[in-house]
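The values are calculated or read from the model by the stated rules, or taken from the named source; none is laboratory data. Predicted, not measured: the structure shown is a model, and the values here were computed from it. With ideal geometry, Cβ positions are generated from the backbone for all residues, glycine too; neighbour counts draw on all protein chains shown. With ligands, DNA and RNA removed, areas are computed over all heavy atoms of the protein, side chains included. Shrake-Rupley method; radii C 1.70, N 1.55, O 1.52, S 1.80 Å.
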Amino acid sequence: MVNTTLSFQHFLHNTSLTHHFSGTYVIDFYYFVYFLLIVTLEFQMQFMLLFSRQGKLRLQKWYVAHPDKLKKKITRELITTVLARKPKMCSFLEWKDVKVVYKRYASLYFCCAMEQEDNELLTLELIHRYVELLDKYFGSVCELDIIFNFEKAYFILDELVLGGELQETSKKNVLKAIAAQDLLQEEETPQGFFEDHGLG
Amino acid sequence: MAYPMYEVDWSVLPPEQNRRFNPAFNIATIKQVVNEAIERVAPVSVRMPTPTRLRDLIRQIRAVRTAAEERSVVNKECAYIRSTFREEDSVWRCRNIAKLLYIHMLGYPAHFGQLECLKLIASPRFTDKRVGYLGAMLLLDERQDVHLLITNCLKNDLNSNTQFVVGLALCTLGAIASPEMARDLASEVERLIKSPNAYIKKKAALCAFRIIRRVPDLMEMFLPATRSLLTEKNHGVLITGVTLITEMCENSPDTLNHFKKIVPNLVRILKNLILAGYSPEHDVSGVSDPFLQVKILRLLRILGKNDAEASEAMNDILAQVATNTETSKNVGNTILYETVLSIMDIKSESSLRVLAVNILGRFLLNNDKNIRYVALNTLLRTVHVDTSAVQRHRTTILECLKDPDVSIRRRAMELSFALINGQNIRSMMKELLTFLERSDAEFKAHCSSAMVLAAERHAPSNKWHLDTLFRVFLKAGNYLRDDTVSSTIQIISSSAGERQAYAAMRLWTALERSAISGLATERQPLVQVAAWTIGEYGDLLVSEDSNAISMADEDGFDEFTRPSEEYVIDIYQKLLWSTQLSITTKEYLLLSLAKLSTRFTTQPSQDKIRVIIDTFGSHIHIELQQRGVELSQLYRQYAHLRGALLERMPAMEPPAPRHEADAEPAPPATPSPEPDAQQQDALLDLIVGSEPLTNGDTDHKPAPALNNNNNNDILDLLSGLDLSASAVSPASTTPAPATLLLDGLFSSTPHVPSTEVSTVTALDKGGLLVVLEVEKWPASDGVTLTMRATSHTTLTDFLFQAAVPRTFRLDMMSPSGTVLTPQSEITQVLKITNPTKTPLRLRIRVSYSTEGNPVLEQAEVNTFPPDLFN
């Protein structure tokens, strides 16, 4: 038997009690996973989403393990909820079991799901720090930069946050690490016929 | 910024064929062109055409107009990517995975790229590794066994000479480590924490953080390396070190004590941060490294909690932070917020606490919504420490109830309830009633039940209490919790006679208006209470003797006009014949009408009542029809009984004091000595009992004890000659076997009832007791668990959830209810099948609200009898 909390398969959630077949309620697998992961693994940050004003997902980073179906469900619901909020409202949203901290920069929404007890204002600072880094890296960043260079946006995030916790508070160090790795990549990419063997 | 990487016109192709010239270039043309080019230039060994570039694919997808078009582009590309994977094409694997990751973000399945990510990770090229690890983090997680395959690659890369390769491996480990992986790689991580390289050190520290989260047992091995992290100068190492220590301290009290001695170190680091001059590297709007400051403040809070000595050591620095931090920007407020939380949590000096509450007061008045939200949130967390200090901000808090932002309103509401006391209840309730009226549906249920509780606890007078309850009934409508109806009826019933007349008159006004305006459907709890009250005290309602009772409300208005008997009946008729009211409400109305027949005296009203009751003799709903037939018999054969049967209810007894309910979780309904009360009880039982029929087969409460004995007899027969089992069986106290029999009938599961029953306590906390009765199935591949929850206090929204390991199958029946009172219990049946016969472990989660506060309890139950599945 696999001895992790993650291997628990069946879980019953009240909101899934919609179908009633011969006296047995069908158990909604996804609510089970949702409960276990969101509740039992109290990561500082559970996930981070970037999405546009049109509701298109631009980046998603999950620090908790969910099935794809559930991730999509959460993403969809959260995007709708956040987009429905008016600009004058506060940046915090108590949503299901998590606290969502979001901020809009131009056409992009940056959205983090945190633990209830976390410092919401600091999360805003974290989002801002990430935006500053993107801005420095791309040079006045816009949504298109993130669409076309999404992998770079991930690389930058991974130098800032690890496992849902902040790992570096110096902007300079993050950018230095990214630049050095970009250089490594460039050095080994053969230039010439058909330009490269990289991503293109 | 332009996109030099893909906008530059640089190609071997002639300009008219340059595929990068036009972003919306057709993929087929691109492939054709590429193929031609390869034929022209490339050696024969290139088997596959060059795949579409990542940026070109993105451009193509962005150029489509419809979702169907996008799907077709994506499907085509996915098919192509799959084919390259099949052909083990390693040259373009990296590019293909990158494209797949983009497709994945659009919401298409990309699991077929998982193994390719592993191959990329194993490649010696850094580009491959970088994209491979990115793909692994996005496509893999600890739920899939595939992730274990990268353990070896991770191990190799953790030993790499290139710091960035080590960094990538650590980052991935920190994102997807499962317990197995954590165990395998913990020693590598421990070694890397001691690395002299800060870049690796900080990442390793956070990996250790993750590893401890997944496998707390591994904490010991990291302890020696962790302490030295705080002596570093690098802020990345410091912040990750503090994070790791915080996790360790929250993990075990022993470690917490072990780390008490670092308080002076933390204080020193914090002091240096505040006093140090401007450092461009870590400055955020004039504050030096707010991230690190907040982390340290949080760790201080954990170390100083319930520890006078440690608190003493940090008093000064907290005061310093609280007074020296610049508050014009969000950053400063971030730190102040954390400082306030720390001050309130540790054993701080009283002057410091005053300072903290004052900071919150300033926060409340801040123009920034975010700061106001945080202030409300913090006040709620500190209100139990110092209520009077928070009371000073009451007006501001009540103002926040009107905020357009739902997040702020929710916080303000919670806080308002925490602030209600005997002195301010009148004004608070007035504000909350206004709030209740305007609030969204999601708030109404919670808000109204909290108001009912607050009114019960702090009511200055009985009249005020009733008035408030009636207003809540009017404004919360159908969102009101069910038990409020019975508790209100109980209050009216035990009031003085004059007050009962007053209640009848008030409720009449509300009922009449609701009926006429057509709002009765939205206010069914109100209709139920009004029907009961008017039925009981209808004579006082129509009698001129009640004129002496003042009906003026707080503003001096008297809206009451005494109705005629016939008019009352007309309103009843209107409601009873409405199609919108629930059956339960109609049952209340019908019984009330029958009662009115002995309260009212004029002949026309008597005739009307009789006609209405008779029409129910042919009602489509069986329950109402039966009531109709029975009540009309009281006009015919048993007319002589009517007066005595429909007499006024005696004053109901207040609910038993809560602590007395301990000994007996589910006392039987106390039969009242008065015959009419018994009849009323019986009728109420029917009213109540008619509901559960619709929502499940596991409601055991109506089953009388006699049935259980019968069932046990059957059980004994079925269990054959196993005398010992039936002798030890405590089944006589449980109705579970009955359920099992019924389940067997309904769900056609071919099992026979069990032979053994044992009890396991799953949760015993704060007066809530959850026990599981375990019953083995004779076929020994499964058990039936009956969950019984009892409590010393009233809990609402009670929800029991359970999870079993993957090898088991769990079926849960519906619970018997969601409201747990000291007098009642909630039961729920779980059926677990276990084909592999491994020992049963069960994880449970119980959530409920008590006095409006949601509570969540979790536990793992593994004390089941070991031979359960033998």
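A few notes on this one:
- Evaluated at q = 0.16, 0.18 Å⁻¹: base-10 log I(q)/I(0), Debye formula over Cα of the stretch B:426-575: -0.86, -1.10
- Label-point separation, B:Ser123 to B:Asp781 (7 Å along Cα→Cβ), nm: 4.8 nm
- Relative to the current alpha-carbon distance between B:Ala68 and B:Asn152, full extension at 0.36 nm per residue lengthens the span by 26.1 nm.
- One chain, two ends: B:Ala859 and B:Ile583. Fully extended at 0.36 nm per residue, the span grows by 95.4 nm beyond their Cα-Cα distance.
- Accessible surface, per residue, of the stretch B:286-434 when the full set of protein chains is kept, probe 1.4 Å, Å²: 36 Å²
- Given charges at Cβ of Lys, Arg, Asp, Glu: the stretch B:437-560 dipole, positive-most of B:Leu511, B:Ser449, B:Thr521: B:Ser449
- Stretchable slack from B:Asn367 to B:Ser618, in nm (0.36 nm times residue separation minus alpha-carbon distance): 83.9 nm
- Lys/Arg +1, Asp/Glu -1 at C-beta; the stretch B:256-347 dipole; positive extreme among B:Gly332, B:Leu256, B:Ile274: B:Leu256
- With every protein chain in place, the stretch B:255-409: carbon and sulfur % of accessible area (1.4 Å): 49 percent
- Once the C-beta distance of B:Glu653 and B:Asp570 is scaled by a Förster radius of 35 Å, the resulting FRET efficiency is 0.50 to the nearest 0.05.
- 1.4 Å probe, heavy atoms, protein only - residues of the stretch B:127-170 losing at least 20 Å² accessible area vs chain alone: B:Thr127, B:Arg130, B:Val131, B:Leu134, B:Met137, B:Leu138, B:Asp141, B:Glu142, B:Arg143, B:Phe164
- Shielding of A:153-164 by partner chains, average beta-carbon count, 10 Å: 6
- Calculated FRET efficiency, B:Ala496 to B:Ser388, Cβ-Cβ distance, R0 = 25 Å: about 0.10 to the nearest 0.05.
- Between B:Ser461 and A:Lys103, the distance separating the two model label sites (each 7 Å from Cα on the Cα→Cβ line) works out to 5.4 nm.
- Per-residue shielding of B:785-792, expressed as the average number of other chain Cβ atoms within 10 Å of the residue Cβ, stands at 0.
- Residues of the stretch B:209-240 falling in the label zone of B:His258, defined by backbone nitrogen less than 18 Å from a point 7 Å along Cα to beta-carbon, are B:209-231.
- Distance between the stretch B:229-245 and the stretch B:540-607 - C-alpha centres, whole angstrom: 74 Å
- Local net charge near B:Leu154, Cβ-Cβ under 9 Å (Lys/Arg +1, Asp/Glu -1): -2
- Within straight-line cross-link reach of B:Lys369, lysines at Cα separation under 18 Å, skipping those fewer than 8 residues along the same chain: A:Lys86, A:Lys88, A:Lys99, A:Lys103, B:Lys329, B:Lys402
- Across peptide B:357-370, the average count of Cβ atoms from other chains found within 10 Å of a residue's Cβ is 1.
- Positive contributions from Lys and Arg (+1) and negative ones from Asp and Glu (-1), summed over other residues with Cβ under 11 Å from the Cβ of B:Arg788, come out at -2.
- Net charge contributed by nearby residues that have their C-beta within less than 12 Å of B:Asn265 (K/R +1, D/E -1): +4
- In this simple spin-label approximation, B:Gln320 and B:Glu250 carry label points 7 Å from Cα along the Cα→Cβ vector, and these lie 2.7 nm apart.
- Between B:Lys194 and B:Lys347, the FRET efficiency estimated from the beta carbon spacing at R0 = 41 angstrom works out to 0.70.
- Taking Cα centre as origin and charging only the Cβ of basic (Lys, Arg, +1) and acidic (Asp, Glu, -1) residues, the dipole magnitude of the stretch A:44-95 rounds to 240 debye.
- Sorting the segments A:59-67, B:262-270 by their mean number of nearby beta carbons within 10 angstrom, highest to lowest, gives A:59-67, B:262-270.
- Here is the interface size for B with A: some 10300 Å² of accessible area buried, both sides summed, with a 1.4 Å probe.
- As a rough guide to protection, the peptides B:116-127, B:452-463 ranked by mean Cβ packing within 10 Å, highest first, stand as B:116-127, B:452-463.
- Test item: Cα-centred dipole of the stretch B:518-634, Lys/Arg +1 and Asp/Glu -1 on Cβ, debye: 580 debye
- With all protein chains kept in place, the per residue accessible area of the stretch B:78-158 amounts to 32 square angstrom at a probe of 1.4 angstrom.
- Descending by average beta-carbon neighbour count within 10 Å, the peptides B:334-340, B:510-516 line up as B:334-340, B:510-516, the highest first.
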